[in-house]
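The next block holds one structure in the form of structure tokens; read it before the comments.
Every number here is computed from the coordinates shown, using simple stated rules; none is lab data. These numbers come from a predicted model, not from an experiment. No Cβ is skipped: glycine too gets one built from the backbone with ideal geometry, and neighbour counts run over all protein chains shown.
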Amino acid sequence: MNNTRIPQFDNRFLHELPGDSEAGPRRREVLGAAWSSVMPTPVAAPSVLAYSPEVADLLGLDVQDPGFAEVFGGNALYAGMQPWAANYGGHQFGHWAGQLGDGRAISLGELLADGRRWELQLKGAGPTPYSRGADGRAVLRSSIREFLCSEAMHHLGIPTTRALSLVSTGDAVVRDMFYDGHPQAEPGAVVCRVAPSFIRFGSFELPASRGDLPLLRQLVEFCIARDYPELGGSGEVLYADWFRQVCTRTAVLVAQWMRVGFVHGVMNTDNMSILGLTLDYGPYGWVENYDPDWTPNTTDAKGRRYRFGAQVAVAYWNLVRLAQALSPLFADVAPLQAGLDAFRDRHAAEERAHLVAKLGLGTFREGDDALMAQFQQLLQDGEMDMTLAFRALGDIDLADIDLTDIDSGRPLPAPLEEAFYSAQARERVLPALVEWLQRYAVRAADSGQSAQQRRAVMQAANPRYVLRNWLAQQAIDRAEQGDTAGITDLLEVMRHPYDEQPGREAFAAKRPEWARERAGCSMLSCSS
């Protein structure tokens, strides 16, 4: 290494939790163990395509070091790395799926940097015991999407795993993107994702489902000691405090998703972080024309279990599954119910805070929730872009426009006009929208804020730039032709999502018509 800090690993997950007696990637059921030792499978020609400067600096790693691509492509290890795949289960689309585990993710170790702990995990590094017949690899398109979104979400202020690097492998990976019997060879890649912990709800569900209470208790106590060291006490009191923390962190997370219009797409319990982080970027997306029933996941197209408007309810359902898994550790369910109630209370508080900020209302008053609900209905009926519409409200000078003339033919303020996807839908909602704007202007004027204060608050709550699927697809198209500049350009824009960026207006545009139905630009499969 050429950097000034030599990586230091201590790998508590391996040293303090029981491991699989067998090493290697042979597919198998793994009992009584939290992890299996497995090495990444070497690749032909690892090459760094992109990296996050902030994460590299955070970890003290030198991306320019000649060995960096070898390590983060899966061909080599730094001293102290001890690769493993985690063993966990989960509920998928509402049904218990049994043992799942890290099927295409391999953790390299827990890096200590500046007094913090970071687990480094390669996604797409080859088969593990949990690959369930798959190859453990990842294609370039899905890897680009995970790399970009991890960093975009961080800069939006949303709890998330991070991404250090995107490395091409030089190998082809065969995938059937549409699950229609037409697989194709695609370029392979590996993402290094980074988090203090990758423990999931499903990590506790699996031993509970097997009646392995000693392992369940050991996992709980390990997670508290390593990841929640601020908690004190012991036994059920400690477990209850910890579960409450998990519930409130999850409430904060989902409220943040709803604030910016993010849809996770696969909210299975094995994709829910015990730290309240956004975990596993598969078929995600941002709501464009506002629709609470929209999901980006083709696998979920019929049932729409994980649609935008259901995410709060699904998060609660997942926490109930976690509570059920933990219940053998409690003499009474009351402490677990208290944690679930804390989720509801914290989410309600977060939702109100975001409502006030997004509309620039100062403090919450009775009737503000109805004002927001009416605007959201207008967005839906008018086929308006969620990101553009909320940002437009902050850009409008309410004291400088005559709202009484708009419904007689005068256009809406320019920022709002840009938010419509359909001229016909605009005409349908125009009278109601103007009436709403008039009421909103009165409420905003009574907020006790100056126009400048209101605009600053709203700009901090309503991003100008989000990682729209069609933007990511454009970067993917270029990268598959050998041009990675689209990745770095998009990453740079998403590092400042709330700022006006002159010359970058194209990254803030609403979805173009060509992207409405194109693969990768609207809905995506789990292999996307």
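Descriptive notes on the structure:
- The stretch 8-198: relative contact order in percent, alpha carbon pairs under 8 Å with at least 6 residues between: 24 percent
- Each other residue within a Cβ distance under 13 Å of LEU398 adds +1 if Lys or Arg and -1 if Asp or Glu, for a net charge of -1.
- Gap separating the Cα centres of the stretch 253-332 and the stretch 41-79, nearest whole Å: 31 Å
- Most tightly packed first, judged by the mean number of other beta-carbon atoms within 10 Å of their residues, the peptides 334-341, 445-452 read 334-341, 445-452.
- Applying both filters, DSSP loop and at most 11 other Cβ atoms within 10 Å, to the GluC sites (Glu not before Pro) of the stretch 1-47 gives GLU29.
- Averaging the sequence gap over all C-alpha pairs within less than 8 Å and six or more residues apart, then dividing by the number of residues, gives the stretch 364-446 a relative contact order of 40 percent.
- Applying the Kirkwood pairwise sum to the alpha-carbon positions of the stretch 357-433 produces a hydrodynamic radius of 13.2 angstrom.
- The mean sequence separation of alpha-carbon pairs under 8 Å and at least six residues apart, normalised by the residue count of the chain, gives a relative contact order of 14 percent.
- Nearest 10 degrees, 0 to 90: helix 311-326 Cα axis against the chain principal axis: 30 degrees
- For the pair ASP135 and ASP397, the difference between a 0.36 nm per residue extended length and the Cα-Cα distance amounts to 88.8 nm.
- Residues of the stretch 76-101 with amide N under 14 Å of a point placed 7 Å along Cα→Cβ from GLN218: 87
- At an R0 of 25 angstrom, the distance between the Cβ atoms of ASP381 and GLU480 translates into a FRET efficiency of 0.05.
- Fraction of alpha-carbon pairs over 37 Å apart in the chain - percent: 32 percent
- With the largest listed first and rounded to whole Å, the semi-axes of the equivalent ellipsoid of the stretch 202-358 from the Cα gyration tensor are 29, 18, 13.
- Local electrostatic count, GLY232, Cβ distance below 14 Å [Lys/Arg +1, Asp/Glu -1]: -3
- Two-site FRET efficiency, PHE93 against GLU366, from Cβ-Cβ distance with R₀ of 45 Å, rounded to 0.05: 0.70
- Straight-distance crosslink candidates among lysines, where the alpha carbon sits under 18 Å from LYS358 and sequence neighbours closer than 8 are dropped: none
- As a size descriptor, the averaged projected area of the C-alpha convex hull of the stretch 8-198 was calculated at 11.5 nm².
- With a Förster radius of 25 Å applied to the beta-carbon distance between SER47 and GLN8, the computed FRET efficiency rounds to 0.40.
- Summing charges over neighbours of THR128, with a neighbour being any other residue whose Cβ is under 15 Å away from its Cβ, gives +1 when K and R count +1 and D and E count -1.
- Taking each DSSP H run with n ≥ 4 as -39500 (n - 2.57) and averaging over every residue of the chain yields -12500 deg cm²/dmol at 222 nm.
- Using alpha-carbon coordinates, inclination of helix 334-359 to the longest axis of the chain, degrees: 40 degrees
- The stretch 400-442 and the stretch 463-528 have Cα centres lying 29 Å from one another.
- Global geometry of the stretch 13-56, whether rounded, prolate or oblate, following the gyration tensor of its Cα atoms and the 1.5 cut on a/c: oblate
- Helix 485-494 and the longest principal axis of the Cα set of the chain meet at an angle near 60°.
- The stretch 324-480 - Kirkwood radius from inverse mean 1/r over Cα pairs (Å): 18.1 Å
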